[in-house]
Amino acid sequence: MITKDVLRQVVTKQKNEISVKRETVRRDILDEILKWIKDDRVLILTGIRRCGKSTLLKQLMMETIQWGYVNFEDERLLDFRAQDFELLNEVLIETYGTIKIYLFDEIQNIDKFETFVRRLQDEGKKVIITGSNAALLSKEFGTRLTGRYKAFEIYPFSFSEYLKFVGIDTKREDWYNINKKVKLLKLFGRYLIIGGLPEYIKNQDKDYIRTVFENILYKDIITRYSIKREKIIKELVNILATNATSQITYNSLKNTLHLSNAITVKEYITYLNNSYLFFELLKISYSIKEQLASPRKIFLVDSAFHQVCGLTFTPNKGRNLENTVFIELKRKGNEVYYYANKNECDFVIKSGTKISQAIQVCYTLDDSNREREITGLIEAMNTFKLNEGVVLTFEQTEEFKVDGKKIRVMPVLRWGIEEND
């Protein structure tokens, strides 16, 4: 049991830290979350460690009133148990007064936290929680709060947020100013390498990224799931990071890692997905059996992690660009797949029951890859009866038709601008 005095110390200290004004970048997703403040459902903000969830909570505090806050990452709460929640509630009311909105940071550290959250909700309180593990959406949590929560996935900074963070003010028309366009492309090239983790953008310290990565690996995966074979999962992470954007199969990974079965590989990748370090992309297929049996493409949540995991030391511009496009599609809430038959198309977007977009990504479209990239895109367009397709590049712009179908070649930056219109 934790004492009330310790809880007072923690809550008071955290309240004082919050009251210190710090300049932060307003997250693009903030307005969308604010739309649901008056809704009676629990709001869940999940995402990888250090992507800005805590800052986002503080931005929510600035837009609301009568809230109370606890960050469960505080080491003094290591002995906190589910039965201590009522004592914590007393301390919160003592410290903050009337509370209508409860904000709990990294609450997944507390076993059976969902029982207390459900009780607060039954009492008419608004609850907003964050966590760095998809276990927040586990079967148990879903059972206790079925239909009573709304989840938001939080990602590292988008490029537009990155620009704000480094103090660059841009407008839509900047793309059409040659000098500003060159500057934007240079900044975007840098973003493709260092990624969007706020603290890393600020300090450029590889030791920081290494610490974040090790916290994810040890706290969110090895310790949480009681993994004994540390060497195997570390090797797996290196292989996945090295082959980001490529197709993988559990069986091929099993053979590479010299394991006796592929179930271990599947479990480990699930844990990595739950921590938001990696994402799997499935092949589009109307047969669930075929979809599950097909190779998956693997993506890394942020290019900064290439600094500390993976076996290549020179940034692969093409892969980084494709990875960035994938994360941007995820950030916008798209249902994304890849297409593969005789040829391959990097991304197809499903809207309802239909495929609405086909997207190919390459750093530069030239004589060495043009036929391959266009053929894969056209095949996907024909399969899903699309009249227009997109090839995203670093800086090229072009437009042409193939068999009466329109192909737009455009820079990722311009595509992002048009997607936000």
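Sorted from fewest to most neighbouring beta carbons within 10 Å, what does the list Trp415, Trp36 look like?
On the way: Trp415 19, Trp36 14.
With the fewest neighbours first, Trp415, Trp36 line up as Trp36, Trp415.
Sorting Asp403, Asp346 by the number of Cβ atoms found within 10 Å of their own Cβ, with the fewest placed first, yields Asp403, Asp346. Coupling constants for segment 317-323 follow from the phi torsions by the Karplus curve (6.51 cos²θ - 1.76 cosθ + 1.60, θ = phi - 60°), and in residue order they are 4, x, 5, 4, 5, 4, 4 Hz; glycine and proline get x.
Our analysis of segment 49-118 gives Rg over Rh at 0.95, with the two radii drawn from alpha carbon positions and Rh computed by the Kirkwood formula. In order along segment 16-23, the phi-based Karplus estimate (6.51 cos²θ - 1.76 cosθ + 1.60, θ = phi - 60°) of 3J(HN,Hα) comes to 5, 5, 5, 5, 6, 6, 10, 6 Hz; Gly and Pro are listed as x.
Here's how it looks for Glu344: its modeled amide H is under 5 Å from those of Gly376, which are all 5 or more places away or on a different chain.
Of all DSSP-defined beta bridges confined to the chain, some 45% are antiparallel rather than parallel.
Once C-alpha pairs closer than 8 Å and six or more residues apart are averaged by separation and normalised to the residue number of segment 181-318, the relative contact order reads 33 percent. Over the chain, Cα pairs under 8 Å with separation of 6+ residues give a relative contact order of 12 percent. Can you tell me what the convex hull of the Cα atoms of the chain projects to on average, as an area in nm²? Spelled out: convex hull of the Cα atoms, projected over all directions, averaged, 22.2 nm².
Compactness of segment 333-420, taken as the C-alpha radius of gyration over 2.2 N^0.38 Å, stands at 1.01. At a 10 Å Cβ-Cβ cut-off, how would you order Asp220, Asp84, Asp28, fewest neighbours first? Ordered by Cβ neighbours within 10 Å, fewest first: Asp28, Asp84, Asp220. Distances between every pair of Cα atoms in segment 314-380, grouped in 5 Å steps from 0 to the bin holding the largest one, split as 3, 17, 24, 25, 19, 9, 3, 1, 0 percent.
Highest mean packing first, where packing is the average number of other Cβ atoms within 10 Å per residue, the peptides 323-335, 294-306 line up as 294-306, 323-335. Treating only the Cα positions of segment 34-180 as identical point scatterers, give the base-10 log of I(q)/I(0) from the Debye formula at each q in 0.19, 0.20 Å⁻¹. The computed values of log10 I(q)/I(0) come out as -1.19, -1.31.
Every number in this text was worked out from the coordinates using simple rules, so none of it is lab data. If you're wondering where the values come from, they're calculated on a predicted model, not measured in any experiment. Reconstructed Cβ throughout: ideal geometry from the backbone, glycine too, with neighbour counts over all protein chains shown.
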